[in-house]
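What follows is a single structure, written as structure tokens, with notes after it.
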Amino acid sequence: MDSVFHDLYEKYHHEIYQFIYYMTKNRESAEDLVQEVYIRVMKAYDRFEGKSSEKTWIYSIARNVTIDYFRKQKRWRDKIFSNFDWERQMIKDTQPIPEEVAIMNDDIHDIYQCLNRCTIDQRSVIILRYIQALSISETAEVLNWSESKVKTTQHRALKAIKKMMEDLSGKEGDPIEKTPLERKRN
């Protein structure tokens, strides 16, 4: 079991941390919750039937641990939307010129602001699909939804984010075309 657990941890701990961090917007909480995920993985591994991939199984556990965390919070709905300071996040990229980085940072900041105003279901789908790069079927497994519900929620989230970005663009006089919202299909 030690080697299996070690392999699972090495394969997925960084992705699981990122997922939980994007959901909780708190580094310390994310670290604690990742530990809780792997405690649950150790306790439940003998019941893992292999009906899904290990990756989606672990993501499902991570999502449930995160939801449990929010439920334990006194005002979990408020915390999920207001706990993270987007102003402090920096995008570090050494290749583009400084002006391009500044524009890109503003765009990403705006996208995260809009994502922050989406529902938790929409946010979960966007994080899993676009940040964690899971497929529609993997996302459906993680969320325990149908693929159709994932597609519908993704469509509505992208539509809402696009509308909010257009509203921001109208207020700032910035063209929205420079911010791609659609994911390239393979």
Subject >> Distance in nm between pseudo-label sites at residue 3 and residue 31 (7 Å out along the Cβ direction from Cα) >> reply: 3.1 nm
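Is there a pair in 51/163; 25/162; 55/163; 25/163 whose C-alpha atoms are over 31 Å apart, and which pairs would that be? Before the final figure, lay out each step's value.
On the way: 51/163 38 Å; 25/162 22 Å; 55/163 33 Å; 25/163 24 Å.
Among 51/163; 25/162; 55/163; 25/163, the Cα-Cα distance tops 31 Å for 51/163; 55/163.
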**OP:** Describe numerically, in nm with one decimal, the distance between label points set 7 Å from Cα along Cα→Cβ at residue 68 and at residue 136.
**Re:** 3.2 nm
Subject >> Virtual spin-label span in nm between residue 148 and residue 53, 7 Å along Cα→Cβ >> reply: 2.5 nm
Subject >> Efficiency of FRET from Cβ geometry, residue 162 and residue 46, R₀ 45 Å, rounded to 0.05 >> reply: 0.50
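Where a number appears in this text, it was derived from the coordinates with a stated rule and is not lab data. Here the structure is a predicted model, which is why all the values come from computation and not from measurement. So basically every Cβ, Gly included, is an ideal-geometry build from the backbone, and we count neighbours across all protein chains shown.
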